[in-house]
Amino acid sequence: MSGIAHDLSRRLADRAEAVCRHYLSNGRREGRYWLVGDIRNTPGRSLFVRLHTSAKGPAGKWTDAATGEHGDLLDIIRGSLGLLDFADAAKEARTFLSLPHPEPEPSAPRRCVTSAPPGSVEAARRLFAMSQPLAGTLAETYLRRRGITLLHGTGNLRFHPRCYYKPDDGPTETWPAMIAAVTDLSGRITGVHRTWLAPDGSDKAPVTTPRKAMGDLLGSTVRIGEPDSVMAAGEGIETMLSLRQVLPDIPIMPALSAAHLAAILFPPSLRRLYIVRDNDPAGDAARDTLIERANAGGIEAIPLSPALGDFNEDLQRLGFDVLRTGVRVQLAPEDVARFMSLAP
């Protein structure tokens, strides 16, 4: 980048939000980012511009999640106006920088609403109630991009288009998120798990901690399918839904972490538990603890191990057929016939 371009980009970055409001007027601010459809100012949420310098990078840098394009605010000016030459973009940038700074937009009057304590069970229940069913949302897009297409019985998974995210080093942001209800044995919601997503649902959001839980999780799980005599439990939602691609009718219990997996409560009807372990030391420890607890309660415990790091990695990198074959040889014979389609 030339000295002139570098200087203009630096000065524009100091007014990143004003640049976005002027040249990307069809977008909107969400947290520390400006979201819009593309560099040509098309309405949408695919392109996001960083408005403040942070550990993730300088202000003014942008990425289009749909195309992989990226650049700075000079590129925004050039693309939004359809300019071809750098000289024209530089001239426009100098004109913009000579304009007076706009007054900040007035804040909307605050409504008096009784709020639940952050992180509480009540706050978790409110968030789930405000979310919408999974079908047709960015959360469904996210799961399908990970190879997860069988989504029947996933009523405990929902979507929120603007879920609050509080980073450690800045103001609260909003991102789309997959919301999972964590329930106890009676089906009562005791917490939720949030997976913040990229604006187009292609991946997790570009934040430091894209997954967080709130509420009272100990002993509870995200329950998908009705409790039965045979069930499967594991850590991640995507991992367990990947298992369900090859065992469509088995009830599953994502516990969200190794520590919580080791402490899950068993439904009274449970007689055989498949323990889906992640391929790491924490997964091994959770498996061993859960086997001991299950056996003490008269429940047969059978570990299911992935070929790679977890079953979603197996599904994405090795494919459906390899995942199905790997799972099949680990099942009790009667469960092959009960839960697994033998058709090619």
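The values are calculated or read from the model by the stated rules, or taken from the named source; none is laboratory data. Small disclaimer: the values here were computed from a predicted structure and weren't measured. Heads up, the Cβs are rebuilt from the backbone with ideal geometry, glycines too, and the neighbour counts pull from every protein chain shown. These accessible areas exclude ligands, DNA and RNA; they are computed on the full protein's heavy atoms, side chains included. Shrake-Rupley method; radii C 1.70, N 1.55, O 1.52, S 1.80 Å.
If you place +1 on the Cβ of every Lys and Arg and -1 on the Cβ of every Asp and Glu, how big does the dipole about the Cα centre of segment 109-210 come out, in debye to the nearest 20?
It comes to approximately 260 debye.
Quick check on the chain: of the DSSP beta bridges with both residues there, what percent are antiparallel, nearest 5%?
Percentage antiparallel, nearest 5: 75.
Using a 1.4 Å probe, how large is the accessible area of SER305, given in Å² and rounded to the nearest 10?
Roll a 1.4 Å probe over it and SER305 shows about 40 Å².
Gain in length, SER120 to SER229, computed as 0.36 nm per residue apart minus the alpha-carbon separation, to one decimal in nm?
Gain in length upon complete extension: 36.0 nm.
Please list 3J(HN,Hα) in residue order for segment 168-179, calculated via the Karplus relation 6.51 cos²θ - 1.76 cosθ + 1.60 where θ = phi - 60°; whole Hz, with x for glycine and proline.
Values, residue by residue: 6, 10, x, x, 5, 10, 10, 9, x, 8, 8, 10 Hz.
Assuming a ≥ b ≥ c are the square roots of the Cα gyration tensor eigenvalues, decide whether segment 255-327 counts as rounded (a/c under 1.5), prolate (otherwise, with a/b larger than b/c) or oblate.
Prolate shape, in that a/c is at least 1.5 and a/b is the bigger ratio.
Using only helices, what value at 222 nm comes out for the chain when you add -39,500 (n - 2.57) per DSSP H run of length 4 or more and divide by the total residues, to the nearest 500 deg cm²/dmol?
-9000 deg cm²/dmol
How many angstrom separate the Cα center of segment 170-249 from the Cα center of segment 275-298?
Comparing the Cα centres of segment 170-249 and segment 275-298, I get a distance of 20 Å.
Name the residue farthest towards the positive end of the dipole of segment 54-93 from the options TRP62, ALA87, LEU74, assuming +1 on Cβ of Lys and Arg, -1 on Cβ of Asp and Glu, about the Cα centre.
TRP62
How large, in percent, is the carbon and sulfur part of the accessible surface of the chain at a probe radius of 1.4 Å?
53
Counting only protein chains, not ligands or nucleic acids, how are HIS70, HIS193, HIS260 ordered by accessible area (probe 1.4 Å), most first?
Largest accessible area first, the list is HIS70, HIS260, HIS193.
If you plug each phi of segment 296-310 into the Karplus form 6.51 cos²θ - 1.76 cosθ + 1.60 with θ = phi - 60°, what whole-Hz ³J(HN,Hα) values come out, in order, with x for Gly and Pro?
Taking θ as phi minus 60°, the curve returns 5, x, x, 10, 6, 10, 10, x, 10, 10, x, 6, 10, x, 7 Hz for segment 296-310.
Starting from the residue with the highest accessible area, list MET130, MET340 in decreasing order, probe 1.4 Å.
MET130, MET340
In debye, nearest 20, what is the charge dipole magnitude of segment 192-344 about its Cα centre with +1 on Lys and Arg Cβ and -1 on Asp and Glu Cβ, if you could check?
Value, rounded to 20: 180 debye.
Near THR95, within a Cβ-to-Cβ distance under 14 Å, what is the net charge of the other residues, with Lys and Arg +1 and Asp and Glu -1?
For residues surrounding THR95, the net value is +3.
Provide the per-residue ³J(HN,Hα) series for segment 210-216, in order, calculated from phi with Karplus coefficients 6.51, -1.76, 1.60 and θ = phi - 60°, each as a whole number of Hz, with x at glycine and proline positions.
x, 10, 8, 10, 8, x, 10
Rounded to whole Å and sorted largest first, list the principal axis extents of the Cα atoms in segment 14-101.
Here the spans come out as 28, 25, 21 Å, largest first.
Can you give the accessible area of ASP14 in Å² (nearest 10), computed on protein heavy atoms with a 1.4 Å probe?
My reading of the accessible area for ASP14 is about 120 Å².
For the chain, give the magnitude of the charge dipole about the Cα centre (Cβ charges: +1 Lys/Arg, -1 Asp/Glu; no others), in debye to the nearest 20.
I would put it at about 800 debye.
Please work out which option in (1) 32, 23, 21; (2) 46, 22, 16; (3) 28, 24, 23 gives semi-axes √(5λ) of the Cα gyration tensor in Å calculated from these coordinates, and answer with its label.
Read-out from the structure maps to (2).
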